[in-house]
1. Name the one entry in ASN76, ASN72, ASN96 that is exposed (fewer than 13 other Cβ atoms within 10 Å of the Cβ), touching a Phe, Trp or Tyr at 6+ places or on another chain (Cβ under 8 Å), within 25 Å of GLN1 (Cβ to Cβ) and of a type outside the set (D, E, K, R).
2. Limited to the range 83-103, what total is found for residues that are under 18 Å from THR23 (Cβ atoms) and either assigned to a helix (DSSP H, G or I) or within 12 Å of the chain's Cα centre (by Cα) (or both)?
3. In the range 28-41, which residues are assigned to a loop (DSSP other than H, G, I, E, B), open to solvent by 30 Å² or more (accessible area, probe 1.4 Å) and not charged (D, E, K, R)?
4. So which of GLN1, GLN44, GLN13 is closer than 16 Å to GLY105 by Cβ, over 15 Å from the mean Cα position of the chain (by Cα) and open to solvent by 70 Å² or more (accessible area, probe 1.4 Å)?
5. Any residue in the range 55-64 that is assigned to a helix (DSSP H, G or I), open to solvent by 20 Å² or more (accessible area, probe 1.4 Å) and farther than 14 Å from PHE4 by Cβ?
6. So which pairs qualify, if the first residue must be in the range 51-71 and over 16 Å from GLN97 (Cβ atoms) and modelled with pLDDT under 95, the second must be open to solvent by less than 40 Å² (accessible area, probe 1.4 Å) and not hydroxyl-bearing (Ser, Thr, Tyr), the Cβ gap must be under 9 Å, and the two must be at least 6 apart or on different chains?
7. I'd like the full set of residues that are open to solvent by less than 40 Å² (accessible area, probe 1.4 Å) and more than 14 Å from GLU46 (Cβ to Cβ), limited to the range 99-114.
Amino acid sequence: QVQFAESGGGLVQPGGSLRLSCTASGIRFGSTIMDWYRQAPEKQREWVGGITSVGVTHYAPSLKGRFTISRNDALNTVYLQMNDLQPDDTAVYFCNQAPLNDNWGRGTQVTVTS
């Protein structure tokens with residue numbers, strides 16, 4: 001069974017940083033594109049960015065430069081380094097594979113507030 005387990009969220013002040021992790025199971029992680037998504041309150045889930053199996057990254061244009069995605073295939077884990085966080089970054093963050101799998105994880109809450 002495919003499972004995604006996100007962690008690393010928390011409460012941070014504007015300008016702060018967080019590093020999220022997502023460990024996947026039930027997939028051939030090393031050959032899979034992994035994406036990050038987020039869903040803010042009362043908004044639709046949006047794509048944050050992704051990383052290919054060979055480490056090429058792509059980001060939503062509005063986030064490029066502040067967010068960095070990396071992966072460790074030995075740990076079946078993908079990371080999202082978020083810098084200079086702003087209140088608009090407040091959301092639940094999820095990871096998933098590409099193409100999307102129906103089995104979403106619970107996500108990890110990121111709250112940016114002063």
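1. ASN72
2. Number satisfying all stated conditions: 6.
3. PRO41
4. GLN1
5. No - not one qualifying residue is present in the range 55-64.
6. Hits for this filter: LEU63/VAL48; LEU63/GLY49; LEU63/MET82; LEU63/ASP89; LYS64/GLY49.
7. ASN101, GLY105, THR108, VAL112 - these are the residues of the range 99-114 that are open to solvent by less than 40 Å² (accessible area, probe 1.4 Å) and more than 14 Å from GLU46 (Cβ to Cβ).
The values are calculated or read from the model by the stated rules, or taken from the named source; none is laboratory data. These figures come from a predicted structure and were not determined experimentally. Glycine gets a Cβ as well: all are built from the backbone with ideal geometry, and neighbour counts include every protein chain shown. All accessible areas refer to the heavy atoms of the entire protein, side chains included, with ligands and DNA or RNA removed. Shrake-Rupley method; radii C 1.70, N 1.55, O 1.52, S 1.80 Å.
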